[in-house]
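Just so it is clear, none of the values below were taken in a lab; they were calculated from the coordinates. Nothing here was measured: the structure is a model prediction, and the numbers come from that model. Every residue, glycine among them, receives a Cβ derived from its backbone with ideal geometry; neighbour counts consider all protein chains shown.
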Amino acid sequence: MAIKANDIDILHRYAVGVMERSDHHAENVGAVALTLLGGVIWRAKPGSINIRQYDGNLANVVWWTSEFTGHKYAVSYNHETFEIEIREETVNGNVKHTLSNSTPPDEVRQILSIL
């Protein structure tokens, strides 16, 4: 089940959760996660950001639709590669991009600017 991220309170709760989890078991994606979250807010069609819920809490999966291309994307953490993935349509869709803290912020901007 997913929850619409229509206000700053939900986005804040999501960001806090992502950063807490990155501090514990995903240290190589915390910085890029913050950059990516800002980029998703920038590129998403208003009202299209959805965050997965798990056991009543916000989880690590975000879906959004590009305001500019109309395509839908899923962003999630891959526990095997220790990277964040941007996939087409669903968490099982084709991987468009993989990101970690070694990905420069300007590269994240360039990636999102074409989605």
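Points worth noting:
- Listed peptides 34-40, 45-51, 104-110 by packing density, highest first (mean Cβ within 10 Å): 34-40, 45-51, 104-110
- CD proxy at 222 nm, helix term only [per DSSP H run n ≥ 4: -39500 (n - 2.57); per residue of the chain; nearest 500]: -11500 deg cm²/dmol
- Under Karplus coefficients 6.51, -1.76 and 1.60, residue-wise ³J(HN,Hα) of region 95-104 in Hz, glycine/proline x: 6, 8, 8, 10, 9, 8, 4, 7, 7, x
- P(r) histogram, all alpha-carbon pairs of the chain included - 5 Å bins from 0, percent: 2, 12, 24, 27, 23, 9, 2, 0
- Whole-Hz couplings from phi, Karplus 6.51/-1.76/1.60, listed for region 11-20; x for Gly and Pro: 4, 4, 4, 4, 4, 4, x, 4, 5, 5
- Under a 5 Å amide H cut-off, with hydrogens placed 1.01 Å from N, Q53 pairs with A2, I3, A59 among residues at least 5 apart or on other chains.
- Across the chain, Cα pairs under 8 Å and at least six residues apart give a relative contact order of 24 percent.
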